[in-house]
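Trainee: First the structure, which I've put down as structure tokens, then a few questions once you've had a look.
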Amino acid sequence: MTRPLKRSVLSRFSPPQLIALSFAAAILLGTGLLLLPFSQRGGQTLSVLSALFTATSALCVTGLKVVDPAQTFSVAGQLVIVLLIQLGGLGILTFGTLFAFAARRRVNFSERMRLAQQVSAFDVGGVLGLIRNIFVYTLVIEAAGTLLLALRFVPQFGWGQGLYYSAVHAVSAFNNAGFSLFAQSFRGYTGDALVSLTMTALVILGGLGFLVQVNVVAHLLDRRRNRLLVQSKIVLTTSALLLLGGALLTGLLEWSNPGTLGPLPLGAKLLASLFGSAMPRTGGFSSLDTAALRPATLFLTTFLMFVGASSGSTGGGIKTGTFAVIVGSAWNMVRGRGDLVAFRRRIDESTVLRALTVGMLATALLSAALLLMLVCNTSARLGFSHLFFEVVSAFSTVGLSMNATPDTNAVQRVILIVLMYLGRIGPLTFALVFGSRPRQQDISYPPERDILIG
């Protein structure tokens, strides 16, 4: 008589639970590594809270900083941050699959389900092939970005430091992390087309979503056999509209601002406008002083941060697909139409409900976090606009700041840590961690149409 196989510890967790636990465990591990002496420069002291904040910001690919990474951490510490960024961008479970491949271990069905949940794949059966393509694609794009940035940084800093700076910023940009080894981010390269366009391209590619990236590449290689998915069309269309619309509005609003675009020549203004539109989509780098932006531009930036990148990508926010479905549903309702249709395909009602749920949960979470930040505020320098911008940046894993992060107190930093964590795993995923398994109702109640809305 054969013994029944024992269930592994991991198999007892649902995909949302395992994603949440793996990120929490990696944050604690990263915090411990950053606290070790070899991770810090001589003469520097790092508190546990600062290490926890930095590890969370790196793993959740946010980029908010309470200390200067270049001045506080040694090369070893900076490499720990880069590793956390790569882990957080691609997904911890994805890296676990890479090691399973290396060890030639078979990946069972439950593990494939968890992987599909993490990379937002539709087909569980084809998820392993998708994971392989993701790794190859990531390595190629980050290597290309490193080489392009090296054309500028090697002549400026020399071979060793130039290549190091190029690789760190390429990884940080593609993973939408926002971490920079420059004290003022990329304000020193505002008019540099090579650096600005390379960083913008890396952030955009990383924010499209791995499923969309693989689908687009396959479509370009063989258009007959590989059609563009509706998901890809929605993401590409929405991303293009947000990018171009954001660049146009940023340019118009800041054109004469003496603190931002005003003193710049025409070419630099155009580059900075494009850069300023792409980076709030969870890139987190800046070529202009964010604190000097006009209120209307700050509002636009906050909106772009809230929408964020796309599902299954290295970015955060409510995601472009969610935003498109919510807007499309509202427009359908205004026009008196029934089903939501996109690119000659009907969007399922469950997808619409899921999008509305994500939008509601994100709004409720941000409102509660902002209220707590205001209640706990002890700095006269931090007003409502500073804290609101900081909260949205943390939740959307962007990393832009009105120079407010270092002025936050301990309680506010804990709130930002929680926001970065929830923003990376997703509010809906976190809600499902504590939710019960879906079950079919035995009783169907009659509908009620006499509830007044609006």
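Each reported figure results from applying straightforward, stated rules to the coordinates on display, with no laboratory input. Remember, it's a predicted structure, so these values are computed and weren't measured experimentally. Cβ coordinates were reconstructed from backbone atoms using ideal geometry, including for glycine residues, and neighbour counts include every protein chain displayed.
Trainee: I443 to W331: FRET efficiency via 1/(1 + (r/R0)^6), r the Cβ-Cβ distance, R0 45 Å, to the nearest 0.05?
Mentor: E between I443 and W331, to the nearest 0.05, is 0.85.
Trainee: Label segment 14-430 by shape, choosing from rounded, prolate and oblate, from the square roots a ≥ b ≥ c of the eigenvalues of the Cα gyration tensor; if a/c is under 1.5 it is rounded, and otherwise prolate applies when a/b is larger than b/c, oblate when it is not.
Mentor: Note, shape of segment 14-430 comes out rounded.
Trainee: Separate question: How much FRET efficiency would the formula 1/(1 + (r/R0)^6) give for R187 and V375, where r is the Cβ-Cβ distance and R0 is 25 Å, rounded to 0.05?
Mentor: 0.15
Trainee: Still on this structure, please answer the following. Order these peptides, 395-406, 413-424, 308-319, by their mean beta-carbon neighbour count within 10 angstrom, highest first.
Mentor: Averaged packing, sorted descending, gives the order 308-319, 395-406, 413-424.
Trainee: About the Cα centre of segment 14-430, how large is the charge dipole given +1 on each Lys and Arg Cβ and -1 on each Asp and Glu Cβ? Please answer in debye to the nearest 20.
Mentor: 1040
Trainee: Taking the mean number of other Cβ atoms within 10 Å as a proxy for protection, how do you rank 320-328, 335-343, 26-34 from highest to lowest?
Mentor: Taking the mean over residues of other Cβ atoms within 10 Å, the ranking is 320-328, 26-34, 335-343.
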